[in-house]
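Since the structure comes first, as structure tokens, the remarks are kept for the end.
The values are calculated or read from the model by the stated rules, or taken from the named source; none is laboratory data. The model shown is predicted, which means the values in this text are computed figures rather than measured ones. Here the Cβ is made from the backbone with ideal geometry for all residues, glycine too, and neighbour counts use every protein chain on show. For the accessible areas, the whole protein counts, side chains as well, though only heavy atoms, and no ligand, DNA or RNA atoms are used. Shrake-Rupley method; radii C 1.70, N 1.55, O 1.52, S 1.80 Å.
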Amino acid sequence: MDKYRETVATFDKMALTYRDKFAGNDCYDSAHNRFASLLKQYQACAGRRLRLLDIGCGPGHVSGMLAKRVPELEMVGIDAAPAMVALAGELLPEGRFYRLDSRELGRLSSLLEADAVQAIAPLDVSESAATPLSLGVSDGLDTPEGFDAILLLFVTPYLERQDVIALLQDCRALLNDGGLLYLASMEDDYQESGYQSSSAGDRVFIHYYPEVFFVSELAAAGFELIDSLRKPYLEQGEVKATDLFLYAKAV
């Protein structure tokens with residue numbers, strides 16, 4: 001099994017543990033609040049509800065938090081681990097969540113279009129072939145308009161450099177001009193990348209990236225950096241990693 005598939009399998013297996021560990025955990029509240037503030041400013045200027053894409057949505061806890069703090073967010077989320085997708089759907093039944101590899105974002109439009117077709121399926125033709133039937137799916141996204149915001153939280157640590165570069169370019173293609181990107185990663189020298197194992201022996205491969213890498217690649221992909229912050233990740237009072245949060249705008 002390659003390292004990416006092994007990492008996805010581990011997250012799928014540990015989905016409930018991951019949810020219980022991070023849902024309600026306020027360790028990243030200041031970082032999330034910063035993005036919520038940016039979203040509110042964007043929404044005030046746009047004067048409409050915003051479309052948000054959560055890449056690597058996990059159990060949906062960050063999307064759920066933002067939905068409470070920013071009114072009228074239309075949520076779409078993807079994750080490669082099916083158990084994570086199921087948990088996100090349970091938490092946010094009004095959203096749309098799909099099992100999709102972040103490296104295959106080109107498939108997202110077809111998934112959204114399929115939902116849009118279902119959402120306007122006709123009633124029994126004997127009653128009215130023109131009357132729409134709601135199947136519990138929110139109004140279809142106007143895909144040419146793209147998204148207003150993208151969450152890319154702790155996805156890049158599990159991707160090779162070339163995949164991160166391609167993903168940032170894909171994100172820019174999906175975002176409206178002026179749209180917001182919220183990226184979180186684990187900061188260190190790339191040479192420190194390697195496997196990390198749980199006490200049960202389940203492994204994930206972590207790729208570390210320095211801030212300068214993201215600053216360069218974000219600019220190359222068509223983003224302008226708005227702000228950044230760092231937070232130590234603690235376990236039992238011990239610093240395990242430095243988490244890097246970046247806020248960028250599509251230009």
| Count - residues of the stretch 78-91 that are open to solvent by 10 Å² or more (accessible area, probe 1.4 Å) and either among the aliphatic types (A, V, I, L, M) or assigned to a loop (DSSP other than H, G, I, E, B) (or both) | 6
| Members of the stretch 153-178 found to be of a type in the set (S, T, N, Q), open to solvent by less than 40 Å² (accessible area, probe 1.4 Å) and assigned to a helix (DSSP H, G or I), listed by number | Thr156
| said: Tell me whether the stretch 59-73 contains one or more residues that are closer than 17 Å to Val155 by Cα and open to solvent by 30 Å² or more (accessible area, probe 1.4 Å). | reply: yes
| task | Name, by its number, the condition in (1) closer than 21 Å to Arg34 by Cβ; (2) in contact (Cβ under 8 Å) with a residue 12 or more places away in the chain; (3) in a helix (DSSP H, G or I) that does not hold for Lys68. | result | (2)
| Does the stretch 182-195 contain at least one residue that is acidic (Asp, Glu), without any contact (Cβ under 8 Å) to a residue 24 or more places away in the chain, part of a loop (DSSP other than H, G, I, E, B) and farther than 18 Å from Phe22 by Cβ? | yes
| request: Just name the residue that is nearest to Lys13 (Cα to Cα) out of those in the stretch 191-215 that are surrounded by 15 or more Cβ atoms within 10 Å (Cβ to Cβ) and either touching a His at 6+ places or on another chain (Cβ under 7 Å) or β-branched (Val, Ile, Thr) (or both). | output: Val204
